[in-house]
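Taking it in order: structure first as structure tokens, then the write-up.
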Amino acid sequence: MTAEQRRNLHAFRDYVRKILDPTYILSYMTPWFRDDVVQHIQAEKNNKGPMEAASLFLQVLLELQEEGWFRGFLDALQQAGYSGLYEAIESWDFQKIEKLEEYRLLLKRLQPEFKTTINPEDILPEISGCLINQECEEIIQISSNKGLMAGAEKMVECLLRSDKENWPKTLKLALEKEESKFSELWMVEKGAENVQMKDLEDDEMKTLDVHIVYKEEPENQNRSQNSCSSSEVPPTYSPLKPRNYQLELALPAQKGKNTIICAPTGCGKTFVSLLICEHHLKRFPQGRKGKVVLFAVQVPLYEQQKSVFSEYFERFGYKVSGISGATADSISAEQIVENNDIIILTPQILVNSLKDGTIPSLSIFTLMIFDECHNTNKHHPYNMIMFHYLDQKLGGSSDSLPQVIGLTASVGVGDAKNTAEATEYICKLCASLDTSVVATVRDNLEELEEVVYKPQKFFRKVESRTTDRFKHIISQLMAETEALAKSIFEELGTVTLENLSQIQNRHFGTQKYEQWIIAVQKACIVFQMPDKEEESRICKALFLYTSHLRKYNDALIINEDARMKDALNYLKNFFKNVRAAGFDAIEQDLTQRFEEKLLELEGISMDPSNENAKLKDLCFILQEEYHLNPETRTILFVKTRALVDALKNWIEENPKLSFLKPGILTGRGRTNQTMGMTLPAQKCALDAFRTNRDSKILIATSVADEGIDIAQCNLVILYEYVGNVIKMIQTRGRGRARGSKCFLLTSNADVIEKEKLNICKEKMMNESISRLQGWNEAVFKEKIRQIQIQEKLIRDNQGKVKPVVDKKNKKLLCGKCKTFACYTADIRVVEECHFTVVRDAFRECFVTKLHPRPKKFGSFEKKAKIFCARKDCLHDWGIHVKYKTFEIPVIKIESFVVEDVATGAQTLYAKWKDFNFEKIPFDAAEMSPWAQES
């Protein structure tokens with residue numbers, strides 16, 4: 001038993017408490033547990049339940065000093081049947097167990113219905129594999145002694161503690177086999193997302209627009225680091241000791257100048273912001289106080305900064321608090337700002353507060369700090385805040401304005417092609433932030449270079465497979481599927497599949513093909529025919545064909561970067577889910593076509609001669625670097641989460657590389673196929689990589705928006721991974737150790753050229769910054785002022801052009817089957833941004849299913865999802881909510897097609913703001929009695 005294992009078990013104890021009934025494994029633990037301890041744990045279960053018993057069990061377990069108890073504990077779990085928990089603790093990876101949480105919540109809500117409708121004796125044989133043997137015996141015994149309802153209640157209790165990743169699906173199949181009505185309530189939807197959306201009705205998957213922003217902290221600062229465990233003893237505080245280059249970066253801001261601080265990843269910009277903030281607050285005379293606001297672009301970064309600032313400033317009597325999107329509903333922004341000296345915010349909170357007047361002006365603050373300030377452009381919340389600032393500045397207001405500080409590792413150059421254009425781009429960023437100084441390290445470069453090492457950069461061009469039978473077969477299947485889709489239009493004569501999209505020269509297995517699929521699906525939504533039944537049939541068929549084409553395209557992309565085996569498993573899982581989820585005639589045909597090729601595909605995927613050349617080269621790099629330096633620490637960056645999993649499996653299954661014991665780090669959002677890591681899971685993954693010397697490589701996607709600190713390493717590998725100059729600088733900044741290396745490995749020469757272009761742009765950026773730093777300050781300020789005046793003029797003119805409201809009554813049709821839903825005259829606007837339908841007949845147009853993640857948003861309580869009532873459609877229309885005393889549907893416009901009643905013309909809108917119809921405010925007097933809460 002190592003200290004690391006003990007610490008990890010303590011860190012993940014909550015997972016264990018929710019699953020383990022310790023009385024089932026006590027008989028295996030007798031070499032380490034005294035009889036009186038065993039009796040105490042058994043009594044704890046009888047008196048307080050299994051969770052409290054598990055807490056006591058873990059407390060005793062973690063205090064053991066005898067040899068072999070940890071291995072004994074794992075063996076006990078395996079012997080008792082806790083295979084999921086055993087696997088999670090063995091690998092310290094609880095993702096599979098974490099995925100079960102949403103199903104546990106759903107089952108808890110459905111428990112009353114479950115115990116009154118389910119005969120546990122009927123379905124127990126089907127789900128027994130998801131339970132412990134003793135649990136099955138207890139369910140049978142309770143059903144016999146206390147009745148079926150008590151047995152069903154016990155079954156729910158056992159399922160809630162199940163560690164088997166397939167129990168939700170197994171339960172679904174068992175319910176369907178028994179033709180139980182409860183199966184309609186038990187929704188097992190793969191990839192249900194768990195992210196907070198901007199709009200209440202916006203419940204669909206969103207593509208994350210990722211900006212690569214790695215939040216770094218200096219290694220040798222006297223502050224505590226992130227840890228998996230919240231109960232570790234906090235370190236003794238000692239004053240921060242700034243380095244000379246950090247004092248240099250802070251100096252212009254400490255002189256009161258609005259400043260952008262541009263310094264490399266790993267140098268400690270957060271530390272610099274602490275110095276600036278402390279100096280700012282102390283400069284106020286007695287009787288006056290400063291008020292600082294610091295913005296963090298995402299919730300995890302907000303939490304990190306709030307912790308850092310609280311730890312430092314509360315020691316000096318300053319009040320620190322904050323609000324993020326996760327806490328905004330329960331906290332008053334006005335109160336937080338009024339009652340604290342330092343406020344940490346996610347920027348949208350302030351945007352909303354300025355808009356509704358809760359915070360009347362930015363003059364309430366004396367200092368604003370924008371972390372990752374290069375985001376201050378277009379419609380980013382940072383820019384929205386600065387619009388208020390600049391309107392106040394240029395409007396001649398006598399109210400004082402706060403000092404502005406921006407922090408970034410790279411200001412970027414946009415699309416600049418030369419130094420003059422790059423200089424102009426940086427000037428516009430300075431104008432947006434009203435800064436006249438760009439602070440970089442110039443006088444203390446040697447000291448900076450001792451802290452932040454610039455890794456050597458290597459480019460490796462690898463040839464793709466010379467022959468790719470897997471790609472050939474999948475491409476054939478795609479061509480057949482396209483042909484089936486085209487055949488739908490043959491009898492129409494006037495419309496072809498190609499007519500539905502402007503994207504030409506598309507190739508299978510590319511992002512461009514994905515874009516073509518999206519374009520075809522959008523065109524299909526507004527496709528019209530006189531025969532509406534035929535129109536609906538064609539649209540539904542086309543959606544099925546394109547969804548299969550998308551999966552084939554995904555598989556080709558995986559095949560390009562990983563093993564054929566991984567791509568094939570991706571498709572097998574997809575068709576397994578298709579078979580389980582409905583299976584109409586078209587899906588049966590497509591599945592049969594795939595299965596006819598499956599045996600050949602499996603043979604190809606297992607053929608060693610089909611190994612991916614990129615993986616061979618990656619293996620060579622890793623072997624070479626670890627031969628030269630066995631203590632090498634590596635971060636391997638890849639594009640997608642699917643590739644993270646594929647490369648982890650490849651390394652673990654490769655006898656030459658399995659010693660690396662890879663860890664993984666992915667973003668928090670979810671996609672259709674994969675579930676994101678929670679913030680605690682991310683922190684634990686990083687902590688394990690930092691402290692566990694056995695884990696020598698971390699495979700990561702871009703976790704930039706999460707603002708996670710990444711430990712020091714000496715080898716960075718970019719595996720088909722490239723972006724803009726900001727991404728390049730910050731990704732390269734992960735390699736902080738002396739003598740570090742950075743490899744770009746790709747089969748695409750264009751990728752190497754793009755990375756070389758980024759290097760040129762980085763040089764151009766540095767030259768432009770040096771050029772600006774040489775300008776006369778008065779000249780620079782005047783340049784900034786002229787840009788601000790011009791930009792304000794454009795904004796003001798845009799604000800004057802109001803869209804013409806279309807007062808014509810229009811139809812809303814289901815975007816999938818074209819069934820009539822309602823008229824625009826039936827729609828009412830609730831609290832300015834949510835849209836409901838007041839027509840009584842509308843409730844017959846949709847069906848509801850309990851929402852897997854009910855939640856309160858202000859005056860709203862999200863309770864259910866609504867779907868098109870047609871059984872062969874069930875298109876997602878939005879959600880059902882409780883609003884004050886009313887039960888109302890809230891619809892999302894992207895789920896519908898808008899049809900002009902007079903002309904029949906159809907239009908698709910992505911957002912309500914794009915649809916300029918006459919918006920009538922919600923009026924409670926219009927509501928029918930059925931909408932009143934019962």
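For segment 94-103, 3J(HN,Hα) computed residue by residue from phi via the Karplus equation (6.51, -1.76, 1.60; θ = phi - 60°) reads 9, 4, 4, 5, 5, 5, 7, 4, 5, 6 Hz, glycine and proline entered as x.
Please rank Thr30, Thr259, fewest neighbouring Cβ atoms within 10 Å first, as an exposure proxy. Don't skip to the answer; put the middle values down first.
On the way: Thr30 11, Thr259 26.
Neighbour counts put them in this order, fewest first: Thr30, Thr259.
For segment 244-451, report the convex hull volume of the alpha-carbon atoms normalised per residue, in Å³, without decimals.
Values: hull volume 28.5 nm³, N = 208.
Convex hull volume per residue, Cα atoms: 137 Å³.
Can you give the translational diffusion coefficient of segment 3-97 in µm²/s, computed by Stokes-Einstein from the Kirkwood radius over Cα pairs at 20 °C and 1.002 mPa s? Numbers along the way, then the final one.
Details: Rh = 13.3 Å.
Taking Rh from Cα pairs, D becomes 161 µm²/s.
The relative contact order of segment 1-149 comes to 22 percent, based on Cα pairs under 8 Å that sit 6 or more residues apart. Dipole magnitude for segment 1-76: about 260 debye, using +1 per Lys or Arg Cβ and -1 per Asp or Glu Cβ, origin at the Cα centre.
Our estimate of slack between Ala150 and Glu90, defined as 0.36 nm per intervening residue step minus the Cα-Cα distance, is 18.1 nm.
How do the peptides 95-104, 618-627 rank, highest first, by the average count of neighbouring beta carbon atoms within 10 Å per residue? Walk me through the numbers on the way to the answer.
On the way: 95-104: 17.9, 618-627: 16.0.
Ranking the peptides 95-104, 618-627 by packing returns 95-104, 618-627.
Pairs with C-alpha atoms separated by more than 22 Å, drawn from the list Lys164/Lys696; Lys811/Lys892; Lys522/Lys849; Lys241/Lys282, are Lys164/Lys696; Lys522/Lys849. With the highest mean first, a sort of the peptides 54-65, 586-597 on other beta-carbon atoms found within 10 angstrom per residue produces 54-65, 586-597. Kindly identify segment 519-622 as rounded, prolate or oblate by the Cα gyration tensor criterion: order the square roots of the eigenvalues as a ≥ b ≥ c, call it rounded if a/c is under 1.5, otherwise compare a/b with b/c, prolate if a/b is larger, else oblate. Because a/c hits 1.5 or more and a/b exceeds b/c, segment 519-622 counts as prolate.
Calculated FRET efficiency, Lys572 and Asp75, Cβ-Cβ r, R0 22 Å, to nearest 0.05?
Efficiency computed from Cβ-Cβ geometry: 0.10.
In summary, the aspartates and glutamates within cross-link reach of Lys428, defined as a Cα separation below 19 angstrom excluding same-chain residues under 8 places away, comprise Asp371, Glu372, Asp391, Asp415, Glu762, Glu767, Glu777, Glu782, Glu791, Asp796.
Take Ile132, Ile759 and order them by how many other Cβ atoms sit within 10 Å, fewest up front.
Numbers: Ile132 21, Ile759 14.
Going from least to most buried by this count: Ile759, Ile132.
Applied to segment 536-548, the Karplus parametrisation 6.51 cos²θ - 1.76 cosθ + 1.60 on θ = phi - 60° returns per-residue 3J(HN,Hα) values of 5, 4, 5, 5, 5, 4, 5, 4, 5, 4, 5, 5, 5 Hz, with x for Gly and Pro. Each label was represented as a point 7 Å from its Cα along the Cα-to-Cβ direction; for Ile473 and Glu844 these points are 5.1 nm apart. Checking every one of the GluC sites (Glu not before Pro) in segment 864-934 against DSSP loop status and a limit of 15 other Cβ atoms within 10 Å picks out Glu918, Glu933.
For segment 433-471, the residues whose backbone nitrogen is under 12 Å from a point 7 Å from the Cα of Lys597, taken along Cα to Cβ, are 469-471. In segment 1-80, a dipole from Cβ-located charges (positive for Lys and Arg, negative for Asp and Glu) runs towards its positive end, and of Gln65, His40, Asn8 it is Asn8 whose Cα lies farthest in that direction. The count of lysine pairs in segment 745-804 with alpha-carbon distances below 26 Å, taking only pairs 8 or more places apart or on different chains, stands at 9. For Arg633, the residues whose modelled amide H falls within less than 5 Å of its own, excluding neighbours fewer than 5 places apart on the same chain, are Asn714, Leu715.
Extension gain, Glu449-Arg537: 0.36 nm per intervening residue step, less the Cα-Cα distance, totals 25.2 nm.
Lys808 sits among other residues whose Cβ lies under 15 Å from its own Cβ, and their net charge, with Lys and Arg +1 and Asp and Glu -1, is -1. Loop-resident trypsin sites (Lys or Arg not before Pro) (DSSP state other than H, G, I, E or B) in segment 742-818 with no more than 16 further Cβ atoms inside 10 Å of their Cβ: Lys807, Lys808.
Karplus-based coupling profile of segment 558-564, in residue order and whole Hz: 5, 4, 5, 9, 10, 7, 4, with θ = phi - 60° in 6.51 cos²θ - 1.76 cosθ + 1.60 and x standing for Gly or Pro.
Subtracting the Cα-Cα distance from 0.36 nm times the residue separation, let me have the gained length for Lys461 to Arg104 in nm, one decimal.
Values: separation 357, 0.36 × 357 = 128.52 nm, distance 4.77 nm.
Going from the current span to full extension adds 123.7 nm.
Charges were assigned to the Cβ only: +1 to each Lys and Arg, -1 to each Asp and Glu. The resulting dipole of segment 810-931 about its Cα centre is roughly 600 debye. Sequence-distant contacts, meaning Cα pairs under 8 Å at least 6 residues apart, place the relative contact order of segment 810-931 at 26 percent. Take the alpha carbon gyration tensor of segment 829-920, find the square roots of its eigenvalues, order them as a ≥ b ≥ c, and report rounded if a/c is under 1.5; if not, report prolate when a/b exceeds b/c, else oblate. Judged from the Cα gyration tensor, segment 829-920 comes out oblate (a/c at least 1.5, b/c at or above a/b).
In what order do Met764, Met51 fall by count of nearby beta-carbon atoms within 10 Å, going from fewest to most? Display every interim value, and only then the final one.
On the way: Met764 21, Met51 16.
Ranking Met764, Met51 by Cβ neighbours within 10 Å, fewest first, gives Met51, Met764.
The label point for Ser487 and the one for Asn46, both projected 7 Å from the Cα toward the Cβ, are 7.0 nm apart.
Only the coordinates and a few stated rules stand behind these numbers; no lab work does. Since the structure is predicted, the reported quantities are computational estimates derived from the model, not experimental observations. Every residue, glycine as well, gets a Cβ built from its backbone with ideal geometry; the counts of neighbours run over all protein chains shown.
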